[in-house]
Every structure is written in C-alpha cells, then in structure tokens.
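J.: I am attaching a structure below and will ask some questions about it afterwards.
Values in this text are rule-based calculations from the coordinates and carry no lab data. The structure displayed is predicted, hence computed values, not measured ones. Cβ atoms come from the backbone with ideal geometry, glycine included; neighbour counts cover every protein chain shown.
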Amino acid sequence: MNNRFEELKKNVLNWAEEKGIFEKGTPIAQAGKTLEEATEILVGIAKDDKEEIEDALGDTLVTIIIQAEMQGVDLLDCLEVAYNVIAKRKGVMKNGSFVKD
C-alpha cells in the first residue's frame, strides 16, 4: 500500500493500543463497531451529507484496520482474495445494486 495509507494505519494501530482496544477489546465487539460505523454511511447517504459520509467511511476503515490486526491478517491480502472472487462473478444490476448469479 502507499506510504500515506501505511502511516495512517500505523497511527490507527498506535491509537488503538493506547486506548486499550487490543488488551481489553474483542473481535466480536470490534465487528459491532464496524456495523455501527457502516450504518452511519447509510445515514450520511440518506441525508446527502458528504462530510458525514467521509467521516463514516473513515471510521469504518479504522474499525476494519483494528479488526485485521486482531485477526492477524493483512488487509491487502484480504482485498486480493475478495477481488479474485468478485472478478469472476457474473450477475446483473437490479434496483441500483449488483446481484450475483
């Protein structure tokens, strides 16, 4: 990943360490935070509030970075695995969303 992302990722992980998330948090609780932040993306979209959307996307990324660290997985590897699956996927657009076959 690019240097900017790696620096921000390091900052997020340091922040999480300082807050005790790795010591006292759980992967299930962290996943709940991801769902909470993803819901805020929906709220921002519904309100057509770009600032709220950006904040919610960023917050969601923070929770995912922390979850990846908790799970001992590399985000780039996760992205590559997912892309390799979706790249071959067939489907159609329906009601504004891609629906896989």
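J.: If I model a spin label as a point 7 Å beyond the Cα along the Cα-Cβ vector, how far apart are those points for A31 and V85 in nm?
T.: 1.4 nm
J.: No solvent, one uniform scatterer per C-alpha: report log10 I(q)/I(0) for region 60-101 via the Debye equation at q = 0.29, 0.30, 0.33 1/Å, two decimals.
T.: Here the Debye-derived log intensity ratios amount to -0.90, -0.93, -1.03.
J.: Can you give the convex hull volume of the alpha carbon atoms of the chain per residue, in Å³?
T.: Per residue, the Cα convex hull of the chain comes to 134 Å³.
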